[in-house]
Amino acid sequence: MSGGASGGGEWPLWEVFVRARRGMAHVHVGSLHAPDADLALRNARDVYTRRQEGVSLWVVPSAEVVASTPDVRGSFFEPAADKDYRHPTHYTVPDGVQHL
Amino acid sequence: MSTPVPFLLGLADDALVTAQRLGWWISRAPELEEDVALANIGLDQLGQARGLYAVVAELEGAGRTEDDLAYLRGPAEFRNVLLVERPQEDFAVCVVRMLLLAAWQVEVYAALAAREGPARGVAAKAVKEVAYHLDHAAQWVLRLGDGTPLSHERTRAALEAEWPHLPELLEPDATAPVDPATLREAVLGRVLPVLEQATLTVPPLPAAPPTGGRAGHHTEHLTDLLAQMQQVARAHPGATW
C-alpha cells in the first residue's frame, strides 16, 4: 500500500486536507506516511502547516479513497463536454443589474 | 537582589544544545515525516535559545550579543544540564529524552510566562512549542514502549539511561525566578502517566545522580558538540552572509 520513496515503506499512506481559514473548505494538499491516525495528524501538522497554511486538518487513509480510473474517463467525463447548457452562459445580464 | 541571568542562561543553553543534538537526526530519522518533525522541534528549541540569549545579553549589559553567547563561550561557560549534551543516536533515547526535557520545559516556561519578568514574552511563545514537543515525545514513547518486544526493550534501555539525569533538572535554585525544585510534582505528573501507559517501569535513581552542568562541569560530549557547532564562527570571527 505504501511503497513510498521515503524510507521503510511499511507505514500506510494518508491523504492530507487543510482548511486555510474559517469558512473555507478543506483542500487536498498532499499525502504522507504514518503508522496510525494520531501520528498522521501530527505528521500533517509538521509537514503541511509549518508556514501557517491552516486552521484545521483532516487525514484520510489513502486506501479508503475510492477514485475514478483513467480507463473510465470517456464515459465519466466526456459526455459533459458538449452540454454547454449546463453552464450559466446563455443568459444575458440586463444592464444595471448589480450584485450578480 | 538576585539576577535571573544564570537561570535564563541555563535554560537557553539547554535549548541550544538540544537543537544541535536534534539536528543530527536530519536525514537519519526512521521516516521522512519524522525527519521533518524533529527538525521543526530542533528549530523551535533554537528559537527559544535565541530569544533567551537576547534577554540575557540585555540584562548583562556587557555588550555581548546572542551570537557571542552561542559561539564564543567554551564548555565550562555553558550552563546546560548533562541530560541534553550526551549523544542521542538511538531513536528511543531521542524520544525518551524529549519527554523528560519537554515535561520540565513546559512547567518552567508556563511559570515564567505567568509572572512579570524579562523572559515573559519568550516564555509565553515557547510554552506552546514545548507542549507540542511533549506530545510528540509522549506519542512515540507510548508506541515504542507498548509496541513490539524489541521496541519495548530498546525504550526500557533508553529510559534507564536518561532517567538518572532528571534530578539535575529539578535541583533547588533559590536565586532563580522559578525554583526548579518546586516543579517536581508537576513534571512527574506529566511523565509518570506516559511511562505507565507505555508499560515502562520507572528505574531506581542512583544514590548520587549525575550533576554539575549548571555549574559548568560537563562531559567531553559537550566539548565535541561545541567544537562542531562553533567552528565556523570561530574560524571567521564576525563573518556574515
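Derivation of every value follows stated rules applied to the coordinates shown; laboratory data play no part. In this text the structure is predicted, and so the values were computed from the model without any measurement. Cβ sites come from the backbone with ideal geometry, for glycine too, and all protein chains shown count toward neighbours.
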Practice problem: Extending each Cα 7 Å along its Cβ direction at residue B:202 and residue A:97, get the distance between those two points in nm, one decimal. | Solution: 7.3
Quiz item: Mean residue ellipticity at 222 nm from the helices of chain B, using -39,500 (n - 2.57) per DSSP H segment of n ≥ 4 over the full residue count, to the nearest 500 deg cm²/dmol?
Solution: -21000 deg cm²/dmol
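Quick one: length gained pulling residue A:87 to residue A:36 fully straight, 0.36 nm per residue minus the C-alpha distance? Intermediate results must be reported in sequence, preceding the final value.
On the way: separation 51, 0.36 × 51 = 18.36 nm, distance 4.29 nm.
Length difference between fully extended and current span is 14.1 nm.
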Self-check item: Prolate/oblate/rounded call for the protein assembly as shown, Cα gyration tensor, a/c under 1.5 rounded
Solution: prolate
Quiz prompt | Sorted peptide list for B:48-60, B:26-38, B:113-125, A:74-86, criterion being average Cβ within 10 angstrom, highest first | solution = B:48-60, B:26-38, B:113-125, A:74-86
Practice problem: From other protein chains only, count the Cβ atoms within 10 Å of every residue's Cβ in B:23-33, then give the mean. | Solution: 4
Practice problem: Hydropathy first: keep DSSP H helices in chain B averaging at least 1.6 on Kyte-Doolittle, then drop any whose Cα extent along the axis falls short of 30 Å, and list what survives. | Solution: B:91-113
Quiz item: Modelled label-to-label distance, residue B:185 and residue B:125, 7 Å Cα→beta-carbon offset: nm?
Solution: 3.3
Exercise. Evaluate peptide B:142-149: per residue, the Cβ atoms of other protein chains within 10 Å of its Cβ; return the mean as an integer.
Key: 1
Quiz item: By how many degrees, between 0 and 90 and to the nearest 10, does the Cα long axis of helix A:37-48 differ from the longest principal axis of chain A?
Solution: 70
Self-check item: Relative contact order (%) - criterion: Cα under 8 Å, at least six apart; region: chain B
Solution: 26
Practice problem: Output the peptides A:29-38, B:61-70 sorted from most to least packed, where packing is the average of other Cβ atoms within 10 Å over each peptide's residues. | Solution: A:29-38, B:61-70
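Got the relative contact order for chain A handy, in percent, Cα pairs under 8 Å and 6 or more residues apart?
This gives 25 percent for chain A.
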Exercise. Return a whole-number percent for the relative contact order of the range B:135-216, with Cα pairs under 8 Å and 6 or more residues apart as the contact set.
Key: 38
Self-check item: Among A:88-99, B:162-173, the order from most to least packed when residues are scored by Cβ within 10 Å on average
Solution: B:162-173, A:88-99
